[in-house]
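Throughout, read-outs are computed from the coordinates displayed, never taken from laboratory work. It should be emphasised that the depicted structure is a prediction, and the values quoted were computed from it without experimental measurement. All Cβ positions, glycine included, derive from the backbone under ideal geometry; neighbour counts span all protein chains shown.
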Amino acid sequence: MLVFRTSARIEGGFLPEYRQRYPKHLIERLEGMNVALPEPRAAFLRRVELYSEERRMREGTHATRADVEQLIDAAGFVLEDLVQIDAIQSAPFRDLTARIGKERFLAVAKPGS
């Protein structure tokens, strides 16, 4: 079983907005749920900024579902089922995923013969 995402890269004019919005929104959500930050806010913000950049670099690795299907096949597996799945997201994240065309999938595959 494999869960994967497809999307375009986060770049161009959208990049500065993403870099500012993602870390701030994540911390605001945690604070809004009364989740104590593991370190002072400024230090945690910096850690989230670093993580968000690392995550951004992964976005767009696989632009289409067909890209991943080919990788599964090349790895010697036979795809048995593939379904698109939804994720519960806050409004800003839904906006982000819509803008980069992110989709999530669950694949079930078995070793090929």
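On the basis of the beta-carbon distance and an R0 of 30 Å, Asp81 and Arg58 show a calculated FRET efficiency of 0.75. For the chain, adding -39500 (n - 2.57) for each run of n ≥ 4 DSSP H residues and dividing by the number of residues yields -16500 deg cm²/dmol at 222 nm. Each Lys or Arg adds one and each Asp or Glu takes one away; over the other residues whose Cβ falls under 14 Å from the Cβ of Val48, this sums to +3. A quarter of the convex hull surface defined by the alpha-carbon atoms of the chain gives 8.3 nm² as the mean projection. Comparing Ala107, Gln89, Pro40 along the charge dipole axis of segment 2-111, the residue lying farthest to the positive side is Pro40, per the Cβ-charge model. For segment 1-36 and segment 46-113, what is the centre-to-centre distance using only Cα atoms, to the nearest Å? Rounded to whole Å, the Cα centres lie 15 Å apart. Dipole magnitude for the chain: computed about the Cα centre from +1 point charges on Lys and Arg Cβ and -1 point charges on Asp and Glu Cβ, it is near 380 debye.
If the chain linking Glu39 and Lys24 were pulled fully straight, counting 0.36 nm for each residue of separation and taking away their Cα-Cα distance, it would gain 3.9 nm.
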